[in-house]
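Worksheet for the structure shown next.
Just so it is clear, none of the values below were taken in a lab; they were calculated from the coordinates. Bear in mind that the values here come from a model prediction, so they are computed numbers and not experimental data. As a convention, Cβ positions derive from the backbone with ideal geometry for all residues, glycine included, and neighbour counts pool all protein chains shown.
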Amino acid sequence: MGGGLSIHCVDVAAGRVAAGLRVAVWRLGTDGEPAGAPLAEGTIGGNGLLQHPALMSEAITAGGYEVRFFVGDFYRAQGSATGTPGFLEVVPYRFHIADVAQHYHLPFKFTAWGFSLFRGGA
């Protein structure tokens, strides 16, 4: 697969994909902060992926991005007693794309208390 961005989310505490987790992707402005409306936003599907047409399109250009994972809302929607606010509410992840010909895969593995996020080998 060439180019684009994929986001895969797994609730490792439950041992399953995080269907229903809300995720939003912003492009970073020249000041290094998220600029304007999200480039892509939605919920993780039954396959564990954020399906949004912008992520595999020419909208993904060189530059900085921020992805936000709404973990607190995810656990509250499932009736988990993680507290309000939860230990993790929103997990932001900033990264840069240098080579638009490469595919950037972001596996997000989490519980209500911690997470792992990295560039995977998709």
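Just subtract the alpha-carbon distance of Met56 and Lys109 from 0.36 nm times their residue separation and send over the number in nm, one decimal.
16.9 nm
Taking 2.2 N^0.38 Å as the expected size of a compact globular protein, what ratio does the Cα radius of gyration of the chain give against it, to two decimals?
Taking the Cα Rg and dividing by 2.2 N^0.38 Å, one obtains 1.04.
Would you work out the relative contact order for the chain, in percent, from Cα pairs under 8 angstrom that are 6 or more residues apart?
32 percent
Relative contact order (percent) for the range 1-53, with alpha-carbon contacts under 8 angstrom and 6 or more residues of separation? Can you show the working numbers first?
Details: 78 pairs, mean separation 19.8, N = 53.
Computed over the range 1-53, the figure is 37 percent.
Where in the range 1-26 does the amide nitrogen come within less than 18 Å of the point 7 Å from the Cα of Asp73, taken along Cα to Cβ?
Within reach of a label on Asp73, which here means backbone N under 18 Å from a point 7 Å along Cα→Cβ, the range 1-26 contributes 7-11, 18-26.
Ignoring solvent entirely, what values of log10 I(q)/I(0) come out of the Debye formula for the range 1-40 at 0.20, 0.24, 0.25 Å⁻¹ when each Cα is a single scatterer?
Debye intensities relative to I(0), on a log10 scale: -0.79, -0.88, -0.89.
If I stretch the segment between Ala101 and Phe118 completely, what's the gain in nm (0.36 nm per residue apart, minus their alpha carbon distance), one decimal?
Here the segment from Ala101 to Phe118 would lengthen by 4.2 nm.
Multiply the residue gap between Ala37 and Ser80 by 0.36 nm, knock off their C-alpha separation, and tell me the result in nm, one decimal place. Write out the running numbers ahead of the final one.
Details: separation 43, 0.36 × 43 = 15.48 nm, distance 3.01 nm.
Net length gain for the segment: 12.5 nm.
Rounded to the nearest 5, what % of the DSSP beta bridges within the chain are antiparallel ones?
Antiparallel bridges: around 80 percent, rounded to the nearest 5.
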